[in-house]
Amino acid sequence: MRLIAALLPFAALAACVPSPPQSAPPPPPITVDPRNVPPTQPPPPAPVAGFRVPEIMQGPGLSGVIREPASSLARRFGTPRLDTPEGDMRKLQFQAEACVLDVYLYPLAPNAEPVATWVEARRASDGAEVDRAACIRALSRR
């Protein structure tokens, strides 16, 4: 019993001594099958000071107009009644007997050719708003 009593303080001290750090085994090597690697995407272009990406109108009946350059619109609708440039924006106005169509063209990237991003339509007689798709159809028939 005396032996146990004599060894007890040493056992208590041994509990206070830190144990050597355990090193974790290294992770297994990663093998990659090149056939299963997805293609990398190019980084997005850096923003250009003063350039804002325009909102692009969407809706039925706008195909063949939205995202088209001025030359394509002129082939479809004829010579514009108005062609108003302002900075990098351009407004074309086409008129038929029934309606007037204003087409707003903006570049989608810095220094790119402006394309149609927005259209507004109104009656030729009194300027009241009309269906854009109907006006596009009316102008296309000319």
Would you tally the residues in segment 93-106 being in contact (Cβ under 8 Å) with a residue 24 or more places away in the chain, buried (at least 16 other Cβ atoms within 10 Å of the Cβ) and not aromatic (F, W, Y)? 7
So which residues in segment 130-142 are at pLDDT 95 or above and in a loop (DSSP other than H, G, I, E, B)? V130, D131
Can you say whether R75 is surrounded by 11 or more Cβ atoms within 10 Å (Cβ to Cβ), under 30 Å from R123 (Cβ atoms) and modelled with pLDDT of 90 or more, as far as the supplied structure shows? no
With the condition kept exactly as written, say whether any residue in segment 124-134 is under 14 Å from E68 (Cβ atoms) and touching a residue at least 40 places away in the same chain (Cβ under 8 Å). no
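Here is a yes/no grid of residues against (1) among the acidic types (D, E); (2) within 30 Å of A49 (Cα to Cα); (3) modelled with pLDDT of 95 or more:
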site	(1), (2), (3)
A98	no, no, no
V103	no, yes, yes
A109	no, yes, no
V115	no, yes, yes
R75 - would you say it is in a loop (DSSP other than H, G, I, E, B) and either of a type in the set (K, R) or touching a residue at least 40 places away in the same chain (Cβ under 8 Å) (or both)? no
May I ask you to say which residue of V65, V53, V48 is modelled with pLDDT of 90 or more, in a loop (DSSP other than H, G, I, E, B) and either surrounded by 10 or more Cβ atoms within 10 Å (Cβ to Cβ) or in contact with a strand residue (DSSP E or B) (Cβ under 9 Å, 6 or more places away or on another chain) (or both)? V65
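The values are calculated or read from the model by the stated rules, or taken from the named source; none is laboratory data. Just so you know, these numbers come straight off a predicted model, no measurement behind them. For neighbour counting, all protein chains shown are included, and Cβ atoms are generated from backbone atoms with ideal geometry for every residue, glycine included.
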